[in-house]
Every structure is written in C-alpha cells, then in structure tokens.
Amino acid sequence: MYVTIDGIEKSFVNERKEQVQVLDHIDIEMEKGSFVSIVGPSGCGKSTLLYMIAGLESADRGSIRIAGNEVKKPGPDRVVVFQEAGLFPWLTVLENVKYGLLLKKMPKQEAEAKAIDMLKMVHLSNYIHSYPHQLSGGMKQRVSIARALVMEPDILLMDEPFSALDEQTRMVLHKELIDIWKKTKVTIFFVTHNIREAVLLSEKVIVFGTRPGKVKDVIPVPTSTDGVLPDSVTLHTEQRILAILEKEIEKVLKEEMGDDYSFTTNHLHRNDSGDMGSHI
Ligand SMILES: Nc1ncnc2c1ncn2[C@@H]1O[C@H](COP(=O)(O)OP(=O)(O)O)[C@@H](O)[C@H]1O
Ligand SMILES: [Mg+2]
C-alpha cells in the first residue's frame with residue numbers, strides 16, 4: 001500500500017493539565033493516486049492526523065509509512081493546503097508560486113515557466129502580476145493550490161481548503177480540483193466537515209467519530225464511467241455518512257449542552273449545503 005497509517009494514537013494535555021486522547025488507534029490505507037476524504041465532528045483530530053502525515057506533528061504510538069518509508073519529518077513529497085491561503089502579501093501571484101522553487105535553487109527562468117504553467121492550470125493566467133489583496137477568496141485559494149502543486153508533491157494534504165468560500169466559488173473549485181487530480185495523478189488526502197463535498201470529490205470517505213477520534217466507517221463512493229454520478233447515488237452515500245455522524249454529533253451536543261440538550265434535538269437537521277452547522 002502506498003500510504004499506511006498504522007495504529008496511530010495521540011494525546012494532548014489540555015488547559016486543566018489533563019491528558020486528553022485525541023486519536024485512538026487509527027488505521028488507514030491509501031493507494032497511490034487515490035483521493036481520500038476524511039469527515040468528522042470538529043475537534044475529532046482530523047487536522048492532527050493530517051499534520052502527522054505532513055510530518056509536522058508526532059504520534060505517541062503507531063506509524064505512518066509512505067512508499068515503505070516511515071514519516072519522521074516534513075518532506076518535499078508532501079505539501080499542505082490550509083483553509084487560509086497564507087500567501088505573502090508583498091509578493092505578486094507569480095512570485096508567490098515561484099517562491100518555493102527558488103528556495104530549492106531552481107534556475108529563475110525554469111521556475112517562472114513552471115509557475116506560469118501551474119497558474120494556467122488553476123485559470124489565473126490573467127492575474128499573475130496581481131497582489132493577493134486584489135484577489136477574491138476563491139482566487140487566493142487557487143494560488144495556494146498552484147503554489148502547492150508547483151512543487152510536484154506525491155501527496156497533497158488539504159485541510160478544509162474550501163470551508164471559507166461561498167457555495168458558488170466552492171463548486172467551481174471542486175471541478176478544478178477534480179481536473180487537477182486527474183491531470184497530475186497526485187494522491188489527495190482531503191479533510192472537510194462537509195459531507196457533500198467529501199462525496200462529490202473523493203473515491204473513499206473515512207468517517208471519524210469523536211472523543212477520541214476513531215475511524216467509525218470507510219465508505220466507498222460509487223464511480224461512474226462518464227465521471228458524473230446520478231444525484232440519487234450521491235444522496236444515498238451522503239445519507240449513509242450522515243447516519244453514522246448523527247450519533248457522534250449527538251454525543252458532542254450532549255456533552256456541550258448538558259440539560260439544555262433536549263431543546264435542540266428537534267432542530268438537528270442537515271441544511272442544503274451538506275453542512276451540519278459548526279458541530280461537524
Ligand atoms: N497542540 C495541541 N495542544 C493541545 N491540544 C491540541 C493541540 N492540537 C490539537 N489539540 C486538541 O486536539 C483536538 C483535536 O484537534 P484537531 O485535530 O484540530 O481537530 P479537527 O481538525 O478534527 O477539528 C481538539 O480538542 C484540540 O483542541
Ligand atoms: Mg481541523
């Protein structure tokens with residue numbers, strides 16, 4: 001297997017100096033070139049696991065192997081795209097995308113050509129000399145994706161990359177991301193709290209439960225030969241995931257609300273975007 005996450009356990013010490021277990025024996029496998037999403041309630045350890053694959057966080061127990069090599073630190077084979085684009089405001093779009101290549105001592109002309117190619121792929125050819133503050137949220141996130149991909153990583157780690165965007169922009173970026181994935185064959189590990197997003201984008205959805213984070217289920221997303229799934233199939237898969245998550249969300253709400261919990265249960269329902277408010 002290309003990525004093997006084997007028996008990962010992690011605890012943090014909270015403000016009250018108590019040991020809190022965040023990840024409980026996580027086993028996940030990913031094939032090379034696959035697109036895997038992970039959904040779960042907020043605080044269930046999704047980002048922590050992503051940082052571990054990136055080599056930015058260590059596990060208490062267990063291991064992560066990529067192509068047989070244990071992850072011990074960050075490496076050029078893995079790049080992270082965060083919710084906030086995190087661009088350098090004093091550099092143009094092109095300079096932002098070139099930056100990592102120049103750090104790697106790539107000759108200037110080659111770096112520029114690669115950056116321009118990548119910006120074309122995310123449809124920003126007309127904005128290469130703009131500064132980040134001149135761009136919309138969706139455009140900034142496209143720059144951030146181009147900046148990640150220009151490094152030619154084997155694995156793209158995406159931590160809720162579209163959560164701050166409006167619905168229309170998100171739909172456009174979903175399509176672009178799928179095109180990019182098909183073109184580059186990069187392996188994608190995608191963290192989201194949006195069930196619909198996970199089902200639309202990925203081949204496999206890993207459903208996390210909370211406190212401590214645990215793999216509740218792995219749901220394969222049916223594929224179709226022409227790349228377009230009938231709405232009924234998408235909806236059915238979403239509902240399967242929602243049914244698993246509902247129990248988890250209820251657990252979180254009970255803990256957070258105590259006696260007030262019974263007042264809210266009637267209102268717990270999915271809205272149209274596939275989100276469940278701030279609880280997942
Ligand atoms: N460096 C840290 N120190 C202490 N607690 C942390 C740290 N990082 C994360 N946590 C806690 O671990 C839990 C899981 O966090 P996180 O992985 O960010 O969850 P998610 O991304 O699923 O929302 C949260 O309760 C968070 O407060
Ligand atoms: Mg997170």
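Determine whether region 53-76 contains at least one residue that is touching a residue at least 60 places away in the same chain (Cβ under 8 Å), closer than 29 Å to Leu242 by Cα, within 16 Å of ligand 1 (Cβ to nearest atom) and in contact with a Lys or Arg (Cβ under 7 Å, 6 or more places away or on another chain).
Yes, because at least one residue in region 53-76 is touching a residue at least 60 places away in the same chain (Cβ under 8 Å), closer than 29 Å to Leu242 by Cα, within 16 Å of ligand 1 (Cβ to nearest atom) and in contact with a Lys or Arg (Cβ under 7 Å, 6 or more places away or on another chain).
Filter region 46-84 down to residues that are assigned to a loop (DSSP other than H, G, I, E, B) and within 16 Å of ligand 2 (Cβ to nearest atom) and give me whichever is surrounded by the fewest Cβ atoms within 10 Å (Cβ to Cβ).
Glu57
Residue by residue through region 174-198, note down the ones that are assigned to a helix (DSSP H, G or I), under 13 Å from the mean Cα position of the chain (by Cα) and away from ligand 1 (no atom under 16 Å from the Cβ).
His174, Leu177
Test each condition in (1) more than 16 Å from ligand 1 (Cβ to nearest atom); (2) under 24 Å from Leu56 (Cβ atoms); (3) among the charged types (D, E, K, R); (4) touching a strand residue (DSSP E or B) at 6+ places or on another chain (Cβ under 6 Å) for Arg142 and report the one that comes out false.
Going through the list (1) more than 16 Å from ligand 1 (Cβ to nearest atom); (2) under 24 Å from Leu56 (Cβ atoms); (3) among the charged types (D, E, K, R); (4) touching a strand residue (DSSP E or B) at 6+ places or on another chain (Cβ under 6 Å), Arg142 breaks only (4).
Which of the residues that make up region 119-175 are surrounded by fewer than 18 Cβ atoms within 10 Å (Cβ to Cβ), among the acidic types (Asp, Glu) and closer than 26 Å to Arg196 by Cα?
Answer for region 119-175, where residues must be surrounded by fewer than 18 Cβ atoms within 10 Å (Cβ to Cβ), among the acidic types (Asp, Glu) and closer than 26 Å to Arg196 by Cα: Asp166, Glu167.
Identify the single condition in (1) under 16 Å from the mean Cα position of the chain (by Cα); (2) more than 29 Å from Ser136 (Cβ to Cβ) that Phe12 does not satisfy, given that it satisfies every other one.
Of (1) under 16 Å from the mean Cα position of the chain (by Cα); (2) more than 29 Å from Ser136 (Cβ to Cβ), only one is false for Phe12: (1).
Read-outs: derived from the displayed coordinates by stated rules, not from any lab. Keep in mind it's a predicted model, so treat the numbers as computed, not measured. A quick note on method: Cβ atoms are made from the backbone with ideal geometry, for glycine too, and the neighbour counts reach across all protein chains shown.
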